[in-house]
Amino acid sequence: EMFGGTSTFKSDHHKMKKQFKAELMNKKELMYNQVLKKYVPATAMEDPLFSQPSNPFKEANFTSIDFSSKFDNQAANGPEGSTAPDQLYPEINFVPSGNTPDVDLGAPKYDKEVAERRRTQFLTMNHSIKEKMELYTSSTKGLLEDLRSVLTTKKYSITEEISKSGYYWTVLHYASHYGHYEVLIFLIEFLEDHPEKFEIYNMQTTEGKTPLFCAILSGDIKLPQKQRIIKLWFDTNCIDLSLRKQSGEDLLQ
C-alpha cells in the first residue's frame, strides 16, 4: 500500500496483461498472414480456390522465396514421390491483398545450445528398428489408427527419433512435412496436457527445423493443405518465434 494501494496495483497489472495479450494476438495474426502471403504463388491471386499442380514448389511461379536447398523440399529419409490428396479446404479463406505489413520477428541467430538442450531433454532413442518403423510408417503415410495404437496402447514415445540417426525427425516433423492434418490434430491433442508441450512442439531437426518449419518448407503437400497446417500450429499458441534454421532463416525468410 506504500505504492498507491494493492487494488490500484492489481488494476494496473491487469491492464498491462490485457494490453500485452492484445499486442501478442495482433502480432500472431500479422505473422500468420505474412507467412501465408509469402507462400502463395502469383497465380493463386487470380484463383480463389488456390488450384495448384501436384508439386507447386517445382511447377508454380513462386515469388519472394528461394527454394535452393534440397533439404527444404524433402523429408529426412522420407518416402519418394509422396503425394497428398487433391482436396480443397473451405475453412482456409485467405487471399493476400498485398497490403499486409512485413513482420520483423527480431529472431536471434540460430541457437545450437537451445536446439541441443531441447533434444537432450525430450528426444528419445529407445525403440527397436521395428518399433521405429511403425512410428515412421504411420506418421509419413497418415495412418491415424495405427499411430493411435502405437502411442496409446503400445506406449511408444511420441518424441522418438525415427529418421536416420542424427537427423532428429519425430512423428510431429514427418506428419507436418507430409501434410497429415488429422494425424497432427491427434498428436497435438495427445500432448495437450503435457507441461512441456511448448518445448516439444519446438524441437529442431539437425537443420534447425521445427514441425512448423517442416510444413512451411515442404514440397510434398499442396498449398491449401500447407495453409491449413500452418494455421493448426499457430492455433496451439505454442510457436517459438525466436527460432531460426541452422542456415539462418527465420519463419518468414
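Please treat every number below as a calculation from the coordinates, not as lab data. In this text the structure is predicted, and so the values were computed from the model without any measurement. Cβ placement follows ideal geometry from the backbone for every residue including glycine, while neighbour counts extend to all protein chains displayed.
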About the Cα centre, charge dipole magnitude for region 120-218 (Lys/Arg +1, Asp/Glu -1 at Cβ), debye:
300
Go ahead and run the numbers for FRET between Ser165 and Phe198, Cβ-Cβ distance against an R0 of 30 Å, rounding to 0.05.
0.70
If neighbour count is taken as other Cβ atoms inside 10 Å, put Ile239, Ile129 in order from fewest to most.
Ile129, Ile239
Can you put His194, His127 in order of Cβ neighbours within 10 angstrom, beginning with the fewest?
His194, His127
Point-to-point label distance, Arg148-Gln246, nm (Cα→Cβ direction, 7 Å offset)
3.6
I need the peptides 175-181, 187-193, 135-141 ranked by packing, meaning the mean over residues of other C-beta atoms within 10 angstrom, with the highest value on top.
175-181, 135-141, 187-193
